[in-house]
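Notes to accompany the following structure.
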Amino acid sequence: MQKIRKVTARRIVGKKSVKEKVYEYEYYTLPLNIYIPRSVIEKWGTEFVVVRDDEKGTITIMPRKLAEEQGIKIE
């Protein structure tokens with residue numbers, strides 16, 4: 001049995017001080033603090049699908065656009 005849910009990546013902006021200079025950086029995460037590279041966000045967007053398969057014991061995370069191309073029904 002598969003359970004499918006839609007999630008959105010959060011944009012996190014951080015600051016770090018090194019020798020009196022302040023550097024600012026950003027990154028994207030999904031729930032449970034799963035890091036998503038910026039290149040993936042730029043290519044596919046911020047909406048993702050989490051597919052949990054209880055029979056196989058796997059969790060698959062993929063961009064929503066890719067899931068739609070593969071024919072996965074998203075509610």
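I'm trying to understand the selection: among the residues of the stretch 13-44, which are out of contact with any helix residue (DSSP H, G or I) (no Cβ under 9 Å at 6 or more places or on another chain), among the charged types (D, E, K, R) and part of a strand (DSSP E or B)?
Lys15, Lys16, Lys21, Glu24
Looking at (1) assigned to a helix (DSSP H, G or I); (2) at pLDDT below 90, find the lone condition where Ile72 falls short.
The number of the failed condition is (1).
Looking at the stretch 1-12 only, could you name the residues that are part of a strand (DSSP E or B) and closer than 30 Å to Glu55 by Cβ?
Residues satisfying the conditions are Gln2, Lys3, Ile4, Arg5, Lys6, Val7, Thr8.
Looking at the stretch 16-26, can you tell me whether even one residue there is at pLDDT 90 or above and surrounded by 13 or more Cβ atoms within 10 Å (Cβ to Cβ)?
no
Yes or no: the stretch 42-50 includes at least one residue that is within 14 Å of Arg5 (Cα to Cα), at pLDDT 90 or above and basic (Lys, Arg).
Checked the stretch 42-50: no residue is within 14 Å of Arg5 (Cα to Cα), at pLDDT 90 or above and basic (Lys, Arg).
Counting only residues that are surrounded by fewer than 15 Cβ atoms within 10 Å (Cβ to Cβ), touching a residue at least 60 places away in the same chain (Cβ under 8 Å) and aliphatic (A, V, I, L, M), how many does the stretch 56-75 have?
1
The values are calculated or read from the model by the stated rules, or taken from the named source; none is laboratory data. Just so it is clear, the structure is predicted and the values come from calculations on it, not from any experiment. FYI the Cβ positions are ideal-geometry reconstructions off the backbone, even for glycines, and counts take in every protein chain you see.
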